[in-house]
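One structure is given below, encoded as structure tokens.
Laboratory data are not the source of any read-out in this text; all were calculated from the coordinates shown. Keep in mind the model is a prediction, meaning the values are calculated, not measured. Note: ideal-geometry Cβ built from the backbone for every residue, glycine included; neighbour counts use all protein chains shown.
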Amino acid sequence: MTAYDSHNHLQRFADPAKIVAEMRDAGVAGCVVNGTGEDDWEAVARLADQFPDFVWPAFGLHPWKAHLASPRWLPLLESYLDRFPDASVGECGLDGWIAAPALEIQRPVFLRQVALARERKLPVTIHALKAWEPLFDAFKDEPPPPRFLLHSFGGSAELVKRLADLGAWFSFSGYFLQPRKVKVVEAFKAVPRDRLLIETDAPDMMPPEEYISHPCDEGNHPANLPSIAAGLAERLEILLEELVAQTAENHRAFFDRSGH
């Protein structure tokens, strides 16, 4: 099995080297490690340097941290993208679920990152939660780059169509294997197969207990990815091998490191 974790936060684990070894043993061939702000971009950079054949770095300012941005956040972000030309932009986005910071504070930070990704012809990973119409409004001001990923997508089948028409890709996380999230699984049946990715969002988005192959005191272990893939394949009524092969091909196409 050659599976790719298209979104995690490996930098938040105490011993990333141990986690990477366990991921490799489980059949995970690589992962995208997403920075979320000025406080962790350097940790992501160190992992990319330490595991150049395994870690695909992404640098972004998360909407939950929009109010914490320093005056130099943008040039600092650009410096990491200069240092890692094959990196992607993310995790960034809009979140209407949290009370603060308000969408009015999140929006300009998000728009600048969308513009940056488009200007540099880089893929961007987007966090969108209870902010779908604000997201479409944002895209009217700053059109997204040709490839953008809705990570841990929790929207409807109708949203899949609207977003796919704009160039969206969609990644599935194990949290949505919970029985009460059946509507999300139904939405993923509408995702074009060549736009489908899988992720752990580790150490967050814990899957149901029966899909935890690697218990971990720190939360969701990214080596749970193959179990999550098995759960999604079952629900999409396709062979696991087919899902893994398709999402691996999609992962490489989305996060293309061969040049832009």
Legend entry - Potential lengthening between residue 157 and residue 46 on full extension [0.36 nm per residue; Cα-Cα distance subtracted]: 36.1 nm
Legend entry - Alpha carbon convex hull of the range 219-260, projected area averaged over orientations, nm²: 3.9
Legend entry - Hydrodynamic radius of the range 173-250 per Kirkwood, over alpha carbon pairs, in Å: 12.6
Inset, instruction - From zero up to wherever the largest Cα-Cα distance of the range 56-173 sits, split into 5 Å bins and tell me the percent of pairs in each. - result: 2, 12, 24, 26, 20, 12, 4, 1
Legend entry - Interchain or long-range residues, amide H under 5 Å from residue 93's placed H: 127
Inset, instruction - Consider just the alpha-carbon atoms of the chain and return their Rg together with their Dmax, both in angstrom. - result: 16.9, 49
Inset, instruction - Any of 18/161; 65/181; 130/189; 161/181; 140/161; 65/189 with alpha carbons more than 29 Å apart? Name them for me. - result: 18/161; 65/189
Legend entry - Simple spin-label estimate for residue 136 and residue 76 in nanometres, 7 Å along Cα-Cβ: 3.6
Legend entry - the range 5-118: radius of gyration and largest Cα-Cα distance (Dmax), Å: 14.5, 44
Legend entry - Under-5 Å amide H pairs with residue 88, H placed in peptide plane, nonlocal only: 58, 59
